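Here's the structure we're looking at; comments come further down.
The values are calculated or read from the model by the stated rules, or taken from the named source; none is laboratory data. As the structure is a prediction and not an experimental result, all values here were calculated from the model. All Cβ positions, even for glycine, are placed from backbone atoms using ideal geometry, and neighbour counts span all protein chains on display. Side chains included, ligands, DNA and RNA excluded: accessible areas come from the protein's heavy atoms. Shrake-Rupley method; radii C 1.70, N 1.55, O 1.52, S 1.80 Å.
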Amino acid sequence: MDYDDFSELYDHQYDLYRDDLHFYAGLAERAPGRVLEIGSGTGRVTAFLARRGAQVTGLEPSARMIGRARERAEREGLSLDFVQGDAGSFALPERFGLILAPFNALMHLYTPAEQLAALRNIRAHLAPGGTFAFDLYLPRFGALGTLRHEGETFYAPDGARTDVFLVQRHDPPAQLLTTEYFADTTTPQGQLSRRHYTLTQRYYTRFEAEWLLRCAGFAAPRVTGSFQGGPVTENSEVMVFQTQGE
């Protein structure tokens with residue numbers, strides 16, 4: 001997944017997402033040493049943790065996303081480290097007391113080989129006694145194959161309006177959900193332009209994720225159905241995992 005072209009829309013859509021922040025901040029406050037965030041994007045989580053005193057390194061494949069994250073850090077007066085790389089092949093000279101993969105970051109690993117390579121590499125960068133934590137959404141989908149608008153409308157300072165429409169397609173055998181975004185911008189003069197983005201995510205079942213962790217050398221994880229705790233149920237929207245290297 002190449003997020004370079006997607007970075008501006010990503011910020012518009014998710015910059016105000018707050019559900020996970022206090023959960024990850026709590027882990028960071030208790031963690032010994034530095035924190036590594038996998039898939040740090042434009043720095044939403046990284047900046048939040050840094051504002052609370054954590055020493056955070058953000059790992060992100062997209063150069064443009066890192067650029068926007070550095071702009072955020074400069075605006076907020078934060079000192080943040082960002083490294084361009086992917087979960088399966090990054091190599092850093094230190095080990096971390098806490099490694100995070102928030103907001104479905106692991107859903108960009110599409111095959112078992114990619115998943116195991118990433119998890120083993122993450123484990124290799126985890127300090128003894130350190131924690132690996134991440135969240136994944138549960139596979140529920142809206143109306144498939146239908147163009148729909150889910151209330152995402154953004155206004156620019158010059159008065160231009162952008163409406164985001166999407167179409168989703170599901171490939172059950174491959175456990176893939178592909179979302180095509182159509183961002184339609186109308187200027188105050190009535191001129192219309194469209195940008196198109198494609199996002200493909202490989203979703204997991206709970207026990208599949210647990211077995212992948214065990215195969216990669218992690219301990220049996222704690223799994224909850226929300227960032228506040230509690231079991232995974234049919235009404236849960238996310239699965240939240242916490243584990244350690246064995």
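Give me the distance between the Cα centres of region 10-55 and region 146-162, rounded to whole Å. Result: 27 Å between the Cα centres.
Estimated purely from DSSP H runs of n ≥ 4, each contributing -39500 (n - 2.57), the mean residue ellipticity at 222 nm for the chain is -7500 deg cm²/dmol once divided by its residues. In a reduced charge model with +1 at each Lys and Arg Cβ and -1 at each Asp and Glu Cβ, the chain shows a dipole moment near 480 debye about its Cα centre. Ordered from largest to smallest accessible area (heavy atoms of protein chains, 1.4 Å probe), the residues Y14, Y204, Y155 come out as Y155, Y14, Y204.
By a 1.4 Å probe calculation restricted to protein chains, L176 has an accessible surface near 40 Å², given to the nearest 10. Sorting D171, D184 by accessible area puts them as D171, D184; the probe is 1.4 Å, largest comes first, and only protein heavy atoms count. Couplings for region 53-60, taken from phi via the Karplus curve 6.51 cos²θ - 1.76 cosθ + 1.60 with θ = phi - 60°, read x, 6, 9, 10, 10, x, 9, 8 Hz in order; Gly and Pro are left as x. Here the Gaussian network model covers the chain, with springs between Cα atoms less than 10 Å apart; of E60, E210, E150, E150 fluctuates the most. For region 121-133, 3J(HN,Hα) computed residue by residue from phi via the Karplus equation (6.51, -1.76, 1.60; θ = phi - 60°) reads 5, 4, 4, 5, 9, 8, 5, x, x, x, 10, 10, 9 Hz, glycine and proline entered as x. Normalised per residue, the accessible area of the chain is 49 Å², obtained with a 1.4 Å probe and no contribution from ligands, DNA or RNA. Contact order normalised by length for region 1-70, with contacts defined as Cα pairs under 8 Å and 6 or more residues apart; what percent is it? Reported as a whole number, the value is 39 percent. Couplings for region 23-28, taken from phi via the Karplus curve 6.51 cos²θ - 1.76 cosθ + 1.60 with θ = phi - 60°, read 4, 5, 5, x, 5, 5 Hz in order; Gly and Pro are left as x.
Counting only heavy atoms of the protein chains and using a 1.4 Å probe, E114 has close to 80 Å² of accessible surface.
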